[in-house]
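Written below as structure tokens is the structure these notes are about.
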Amino acid sequence: MKSARRIVLAVTLLFFARPAAATIGYHISLKNPEQHLFHVSMEIPAQPADQEIIVALPAWNALYQVRDFSYRVRDVRARNSATAAAAPLPVRILDKQTWKISLPGAGADSPAQTATLEYSIEWDDPGPFNSQLNAHHAFVNFAEVLMYVPTRRAEETRVEFDDLPDSWRVAAELPAGSPPNSFVAASYDKLVDAPAEVGKFSEFGFDEAGAHFRVVVDGKEWRRESLESTLRDITKYEVHLMGGAPFNQYTFFFHFGPYFEVGGGGMEHSNCTAISSSSGEAAASVAAHEFFHAWNVKRIRPRTLEPVDYTKEMYSRALWFAEGVTSTYGSYALERSGLWTKDQFYTDLAGQIGELDSRPAHRWQSVEESSLDAWLEGYDEYRLPERSISYYNKGQIVGDILDLAIRDATDNHKSLDDVLRRMYDVYAKQGRLYADSQGVQAVAEEVAGVKFDDFFRRYVAGTDEIPYDKFLDAAGLRLIVERRAAPEMGFYISGRGPGAQVLVSQVVPGSAAEAAGLQAGDALVTLNGQAPPRYLPAWLRQHEPGDTVTLRIQRDNQDLDLKLTLGSIDLNKFTLVETPGASEKQKRIRDGWLKGKTD
């Protein structure tokens, strides 16, 4: 084990040691934004002995998917900007994401050279997981746009935006540089952990729980009073829960409009989050989830996700905790802050149980295996109910029942809240990483003073059916199961077509969708007049068999309107109810669970 630790330490030092080198600088030109091309200039001061500089563009970022951003790159060239003539430098591509810049005449006694690498990269994809440049605005996930020097990731960086259209401004949760529209970061990793919004956005701020919060909004369908009140409630609860804010300032970036994520989508960063949603009112649940990531995953971090390797997949068994238990706390924040009623909380948890039950794959894919398979989520077939479960979905359920198990074992003196706070103290504050599920189990056992081997073996690493009533009974709750007819669309969608179109990937033979004339390959433009949902099962839960659905599709560059009647499939409906005559202990646990308190 000592030798393994030395290897981990050596790799960490390789990526994060601070070399004695000059700052790497970037210029991003937004000239002619309607062309959707970011024009990048990267200045790389070389050491006198350097004969070449290797640069690369990440293969993945934001999503756990290798998306090969380099296919968007064009017109790569380099020059020696340290000389008056700015002589061209040879550039050679080494693989799909790596280039070599040669430095002729370099040597120990030669004057230092500065290589300026120039290229353009095309982006016009909406949402927090992408980058976008058009006549309306720009949104930049820097890892999707800016190359880096693999051996110099720990070096200080600066980025400056040039050629902004009239009245456009730049917002980023980074220290401002001296020139206008510029920012600095302590490393490439710090730089790419803070996206930027550029345009004619709205902005406001507030102070809560000892920190300043900045809110940057692009889009319509929102009211400042309502959004600020919601964010105050969420931030106040979560900061108090975790014993204080790990930052002085935090930024919420919101895009309100017709995005593809059902109910909204969000991407977490250490000191900010980017969220897209149909409206301000629909953004609360996403904001509650993403803000809790400021602790869970950005600071309480599994060993398998560090150091970040931008070149290939990074497999982790801990996403059920990093993402799923973050969803647990997203629902806790909404209920405990008063944004949800108790019944809404019960309905949400029952719906999560129903979602897991409706996916036959829960019988053979564990939530740990789902975590490992996150890198397959871009494939349509993988997302089918008989193929996979969601580590978000089952992870949230596991978080709830683990909390109840801890409260039951300790007579409500300890809870999952104590586990998160303890992990923050022993891992995040000490710069340590936890050992995936084993690390979570160890802290849970330390907090509760009991063993959880059986729990983690059966419900985290295994696929045993969760005995819900066993765990819920601790809080005087029970699960009512009814067989009911659930709606069925008759087709599946994906979001990986040209220009991020939502495509029909499969039409079920004999379904109403087939009878209506829907075909695989059709681009789904709207569903009942709204942007298509990213996740159909969640959208379907709001409808009934027999409902009429209106689709607008695009086929062969023509828009077509189709109507179909939702089909029917038998599923279990779950309802969470309070047990009459609950004992004093059950009531204390239930009250503690709902209010986030212990005795």
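Quick notes on this one:
- Where Ser167 falls short, out of the listed (1) out of contact with any Phe, Trp or Tyr (no Cβ under 8 Å at 6 or more places or on another chain); (2) free of Cβ contacts under 8 Å to residues at least 40 places away in the same chain; (3) surrounded by 14 or more Cβ atoms within 10 Å (Cβ to Cβ): (3)
- Asp193 vs. criteria without any contact (Cβ under 8 Å) to a residue 24 or more places away in the chain, over 19 Å from Glu43 (Cα atoms) and not polar (S, T, N, Q): no
- Screening the stretch 148-164 for residues that are of a type in the set (Asp, Glu) and not in a loop (DSSP other than H, G, I, E, B) and picking the one that is surrounded by the most Cβ atoms within 10 Å (Cβ to Cβ) gives Glu160.
- Matching residues in the stretch 379-399 - criterion: being of a type outside the set (D, E, K, R) and touching a strand residue (DSSP E or B) at 6+ places or on another chain (Cβ under 8 Å): Leu384
- Tally of residues being touching an Asp or Glu at 6+ places or on another chain (Cβ under 7 Å) and of a type in the set (A, V, I, L, M) across the stretch 444-485: 7
- Considering (1) crowded, with 18+ Cβ neighbours inside 10 Å; (2) farther than 26 Å from Asp469 by Cβ; (3) within 18 Å of the chain's Cα centre (by Cα), the lone condition that Ser388 does not fulfil carries the number (3).
- So Ser371, is it within 18 Å of the chain's Cα centre (by Cα), part of a helix (DSSP H, G or I) and without any contact (Cβ under 8 Å) to a residue 60 or more places away in the chain: yes
- Ser366 vs. criteria crowded, with 17+ Cβ neighbours inside 10 Å, of a type in the set (Ser, Thr, Tyr) and farther than 21 Å from Ala444 by Cβ: no
- Qualifying residue in the stretch 423-431 (condition: surrounded by 22 or more Cβ atoms within 10 Å (Cβ to Cβ) and touching a Lys or Arg at 6+ places or on another chain (Cβ under 9 Å)): no
- Matching option when the condition is at pLDDT 95 or above, under 13 Å from the mean Cα position of the chain (by Cα) and among the charged types (D, E, K, R), among Lys298, Lys312: Lys298
- Condition met for Ala322 (under 16 Å from the mean Cα position of the chain (by Cα) and closer than 23 Å to Lys429 by Cβ): yes
- Among residues of the stretch 309-340, those that are without any contact (Cβ under 8 Å) to a residue 12 or more places away in the chain and in contact with a His (Cβ under 6 Å, 6 or more places away or on another chain), counted: 0
- A single member of Ile480, Ile466 is at pLDDT 95 or above and out of contact with any strand residue (DSSP E or B) (no Cβ under 6 Å at 6 or more places or on another chain), and it is Ile466.
- Elements of the type strands (runs of 3 or more DSSP E) sitting completely within the stretch 200-277 and holding at least 3 residues that are under 15 Å from the mean Cα position of the chain (by Cα) and either hydrophobic (A, V, I, L, M, F, W, C) or at pLDDT 95 or above (or both): these cover 249-256, 272-277.
Residue-wise test of (1) in the same structural domain as Asn248 (by TED's automatic domain parsing); (2) buried (at least 19 other Cβ atoms within 10 Å of the Cβ); (3) among the aromatic types (Phe, Trp, Tyr).
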residue: Asn141; (1), (2), (3): no, yes, no
residue: Leu146; (1), (2), (3): no, yes, no
residue: Ala172; (1), (2), (3): no, yes, no
residue: Pro179; (1), (2), (3): no, no, no
residue: Leu191; (1), (2), (3): no, yes, no
residue: Gly210; (1), (2), (3): yes, no, no
residue: Phe213; (1), (2), (3): yes, yes, yes
residue: Val216; (1), (2), (3): yes, yes, no
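- Members of the stretch 563-587 found to be buried (at least 16 other Cβ atoms within 10 Å of the Cβ) and aliphatic (A, V, I, L, M), listed by number: Leu564, Leu566, Leu571, Leu576, Ala582
- Residues located in the stretch 59-88, provided they are modelled with pLDDT of 95 or more and under 17 Å from Gln132 (Cα atoms): Trp60, Asn61, Arg67, Asp68, Phe69, Ser70, Tyr71, Arg72, Val73, Arg74
- Out of Arg432, Arg422, sole residue that is closer than 17 Å to Phe321 by Cα and assigned to a loop (DSSP other than H, G, I, E, B): Arg432
- Within the stretch 35-60, residues that are closer than 15 Å to Gly105 by Cα sit with their Cβ atoms under 6 Å from residues that are part of a strand (DSSP E or B) and among the charged types (D, E, K, R), at 6+ positions apart or across chains, in these pairs: Glu52/Lys100.
The values are calculated or read from the model by the stated rules, or taken from the named source; none is laboratory data. Nothing here was measured: the structure is a model prediction, and the numbers come from that model. Virtual Cβ from ideal backbone geometry, glycine too; neighbours counted across all protein chains shown.
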